[in-house]
């Protein structure tokens, strides 16, 4: 039932909103992982980020694409948000607080990757200010360091911070960039990984049409 609900949710709500109301400037689609285990690492400015990334996949694959999301926000109370997160989006729940043991912290992620799912991770940890990149956390590295079968594919999203920024509930139609890079190769330590990912995000951001428009407005 959950798989059917997810297909219906994306077919009749998410994909029409993303492709018709918002519109995407998409580059590098050939680099999008089409088979798991795999991890997409993206910047995070809006609740729409994960939905936009998931909408890039055909409905036949949508059940295999799962965003990693915080238990304390999405599942803290039983209600519509919790039901939607579990049944229509099928998140991989992660406890951000009180989990010092990395084995426990990433256990649900490992289970999903073992099932050959494609995970969406936001290394900033939470939504930052619209169209600004916050400091990246090292959790993604620690997850990948335990898996020789999984690579991280960086994706830069730009524009959704204006469409549905943090703290807002009303969608404002605004074009969005999604720039997908080649997977990151093996890296020896967390600092090197974060530096490489940070540089990658900065380079991809320069390809965003919406960034160029916003920068032009501010000049």
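The values are calculated or read from the model by the stated rules, or taken from the named source; none is laboratory data. Values in this document were obtained by computation on a predicted structure and should not be read as measured data. Virtual Cβ from ideal backbone geometry, glycine too; neighbours counted across all protein chains shown.
Taken over the stretch 177-202, the criterion of being within 19 Å of residue 24 (Cα to Cα) and either modelled with pLDDT under 70 or not in a loop (DSSP other than H, G, I, E, B) (or both) is satisfied by 177, 178, 179, 180, 201.
If the condition is being at pLDDT 95 or above and over 23 Å from residue 196 (Cα atoms), then the stretch 38-49 contributes no residue at all.
Conditions (1) within 16 Å of the chain's Cα centre (by Cα); (2) modelled with pLDDT under 90, marked per residue:
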{"residue": "11", "(1), (2)": "no, no"}
{"residue": "14", "(1), (2)": "yes, no"}
{"residue": "25", "(1), (2)": "no, no"}
{"residue": "36", "(1), (2)": "yes, no"}
{"residue": "51", "(1), (2)": "yes, no"}
{"residue": "76", "(1), (2)": "no, yes"}
{"residue": "96", "(1), (2)": "no, yes"}
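Scanning the stretch 145-176 for residues that are at pLDDT 90 or above and either surrounded by fewer than 22 Cβ atoms within 10 Å (Cβ to Cβ) or out of contact with any strand residue (DSSP E or B) (no Cβ under 7 Å at 6 or more places or on another chain) (or both) yields 145, 146, 147, 148, 149, 150, 151, 153. The number of residues in the stretch 1-24 that are closer than 19 Å to residue 66 by Cα and assigned to a loop (DSSP other than H, G, I, E, B) comes to 1. For first residues located in the stretch 96-125 and farther than 28 Å from residue 199 by Cβ, partners that are exposed (fewer than 15 other Cβ atoms within 10 Å of the Cβ) and modelled with pLDDT of 90 or more and lie 6+ apart or on another chain with Cβ distances below 8 Å form the pairs 116/35.
When residue 30 is tested against (1) modelled with pLDDT under 95; (2) assigned to a helix (DSSP H, G or I), only condition (1) is not met. Only residues that are touching a strand residue (DSSP E or B) at 6+ places or on another chain (Cβ under 6 Å) and either over 17 Å from residue 93 (Cβ atoms) or outside any helix (DSSP H, G or I) (or both): list them for the stretch 47-63, please. Passing the criteria: 49, 53, 57.
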